[in-house]
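Beneath this line is the structure, given in structure tokens, with notes to follow.
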Amino acid sequence: MSPLSIPAHIEISDEQRSSIEGRPENCAVQFRDRVAKSGPREAFRYPDANEEWQSVTWAEAGERVDRMAAGLLALGVAHQQRVGIASGTRYEWILADLAIMCAGAATTTVYPTTIADDVAYILSDSECQVVFAEDQSQVDKLVSKRDEMPTVGRVVVLDNSAPADDADDWIISLDALEELGRGHLAENPSAVDDAIAAIEPDHLATLIYTSGTTGRPKGVRLRHSSWTYEGTAVAAQNILSEDDLQFLWLPMAHSFGKVLTSTQMAVGFATAIDGRVERIVDNLGIVKPTFMGAAPRIFEKAYGRIITMQAAEGGAKEKIFHKAFDVGRKVAALKREGKSVPFMLGVQHGIFDSIVFKKVRERFGGRVRFFISGAAALNQDIAEWFDAAGITILEGYGLTESSAGSFVNLPDINKFGTVGPVFPGSEVKLGEGDEILIRGPGVMDGYHNLPEETAKTLDDEGWLHTGDKGALDDQGRLMITGRIKDLFKTSGGKYIAPGHIESKFKAVCPYASQFQVFGNDRNYVVALITLDPDAMAGWAAENGMAGASYEDIVTSDAVKQMVGGYVDEMNTGLNRWETIKQWRLLDHDLTIESGELTPSMKVKRNVVESSYADLIDDMYSSSKG
């Protein structure tokens, strides 16, 4: 066996193995089993038009899903045909996805921010027969591209805003679909049961089109067995129970969100759903969840906001705040190492917990047992800061091509700097150049209609080539050490991992939104910086610029001086060849709408580099480094 390909897996118990091997035949059966077991218990919670939270039981959700599934069958949707969902995260998204699978069809996900051209490409490439559209804005995109989507026979509007003047009835409301379903079930009582019985474990359940950094998106084909495995694998680790309450805001068009709903079906906890990012903090205070999944950007923003608010307080309060976190870090470190906490340090910690840390936890509802971070790397300093406050963040790792969940830390063996062990029932090994390779039930069938692309990513032995570099510790926990394609080499021959530097800046600067590093074939490293609009509004109020525009704030000499100080501070912790010699502060943040961010808030490095090529070139012409 080559030292470059040493497989690693975690030994699993007989109970875990039995659970994974005995999982439901398909996602529809998994949902039906949960409805039968937990019928009167709360399944979902969602805000209505008046911002009042409504609760739904498993039995109620089951009845509605049956009607929607029957409606799809009445529209002629056949086995494994695709049905699209173009919507943000909301209760109806979950219902639509479950209904599609209970009808024996397969869900094609479309981010609500996707431009019309790409929407048309995705729905045409996947040959969608029906599309669930969230609202009029999504309907407008479909109408404008109707001729380019010849297979789409009907559009169902989730918010029930179907137009009254639709001559050929191409667009109908969700209520109308359910009414069709009622009629279909009256005539064919076993229609949905029969559709579910025909679903095999290896049948297509979901097509998720990866946003990518260049070119057309690729459709990732994920089986029913992939999702039943994901949910069961998380459930088998016994970190969640029926009594937990999840807050779900993640984009359901992304595989991370889908893992969390699959886990809900396997475990049976309730989920409060609201995809509006701007409402996350308010919702946490109202819902008071016990856990939540999130991308690192959410934790970065929360950390930055709390730090800057405390700095604005100044004086004794700020000193107490910093002293509290000094003590909190010491206590947390001792506990992680299995050591006892000295008496006086414990007394100090108890005091600070009641006057500082409790308030921090209350900002997240006060009941969170842990957060799960995925979709990108979480800065370790930020993770340790939350840990000091008594808030555990479990970092995980996976790709859309592996059904998102492949690794996750666990509460009792959470090791910073790692993404935990591989899921029970899966394997990991390091390939050429320490590339992370994954094999297991969660790995995709391939890319839709792209056999050559599939062959580049999936080898003959079933190993998924992730494109990420990694290392494994002696306990089998994975450390992500870089992105193979993102590594660049300076003209001096030094390799640079930009993500490492970018993460450090976000931990140092509480106002940071994005920090993008460049320097391929150049003689030194430079950066483009954007600042968080919310954080800067707070800074402006404290620094005599209240009411000023974002552009005026971030182009002011005071802000440039402040940012320069944070760059200098970061540089002290870098190797000489990694240090940022030149940087530029953009007068606007990067956005999904501009095409610079993916819907899961990852930066499209190639797009940014191309868009700001002149500015990057200027940083090399204006200095000798």
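Number of residues in segment 476-531 that are modelled with pLDDT of 85 or more and not assigned by TED's automatic domain parsing to the domain that holds residue 587: the value is 5.
I'm checking my understanding of the structure. Among residues of segment 408-418 that are surrounded by fewer than 24 Cβ atoms within 10 Å (Cβ to Cβ) and not aromatic (Phe, Trp, Tyr), which one is nearest to residue 467 (Cα to Cα)?
Restricting attention to segment 408-418, the residues satisfying the condition of being surrounded by fewer than 24 Cβ atoms within 10 Å (Cβ to Cβ) are 410-418.
Narrowing the set further to residues that are not aromatic (Phe, Trp, Tyr) leaves 410-415, 417-418.
On the way: 410: 25, 411: 28, 412: 30, 413: 27, 414: 25, 415: 23, 417: 19, 418: 17 Å.
Per the criteria, the residue is 418.
Scanning segment 571-615 for residues that are of a type in the set (Lys, Arg) and assigned to a loop (DSSP other than H, G, I, E, B) turns up 602, 604. If you go through segment 37-71 and keep only what is more than 29 Å from the chain's Cα centre (by Cα) and under 18 Å from residue 185 (Cβ atoms), you end up with 63, 67, 70, 71. Scanning segment 22-40 for residues being more than 17 Å from residue 94 (Cα to Cα), in contact (Cβ under 8 Å) with a residue 24 or more places away in the chain and not hydroxyl-bearing (Ser, Thr, Tyr) gives a total of 4.
Set side by side, the residues 405, 366 differ, and just one is surrounded by 22 or more Cβ atoms within 10 Å (Cβ to Cβ) and not acidic (Asp, Glu), which is 405.
Taking segment 436-456 as the range and being more than 22 Å from the chain's Cα centre (by Cα) and closer than 21 Å to residue 484 by Cα as the test, the residues that pass are 452, 453, 454, 455, 456. Residue 561 meets all of the listed conditions (1) under 25 Å from residue 535 (Cα atoms); (2) in contact (Cβ under 8 Å) with a residue 40 or more places away in the chain but one, namely (2). If you go through segment 384-415 and keep only what is over 17 Å from residue 233 (Cα atoms), part of a loop (DSSP other than H, G, I, E, B), of a type in the set (A, V, I, L, M, F, W, C) and in contact with a strand residue (DSSP E or B) (Cβ under 8 Å, 6 or more places away or on another chain), you end up with just 391.
Take the conditions (1) in contact (Cβ under 8 Å) with a residue 60 or more places away in the chain; (2) more than 27 Å from residue 58 (Cβ to Cβ); (3) outside any helix (DSSP H, G or I); residue 129 misses just one of them, which is (1). Taking residues in segment 455-473 that are under 14 Å from residue 435 (Cα atoms), and partners anywhere that are among the basic types (Lys, Arg) and exposed (fewer than 13 other Cβ atoms within 10 Å of the Cβ), the pairs with Cβ atoms closer than 9 Å and at least 6 places apart or on different chains are 465/456; 467/485.
The values are calculated or read from the model by the stated rules, or taken from the named source; none is laboratory data. If you're wondering where the values come from, they're calculated on a predicted model, not measured in any experiment. Cβ sites come from the backbone with ideal geometry, for glycine too, and all protein chains shown count toward neighbours.
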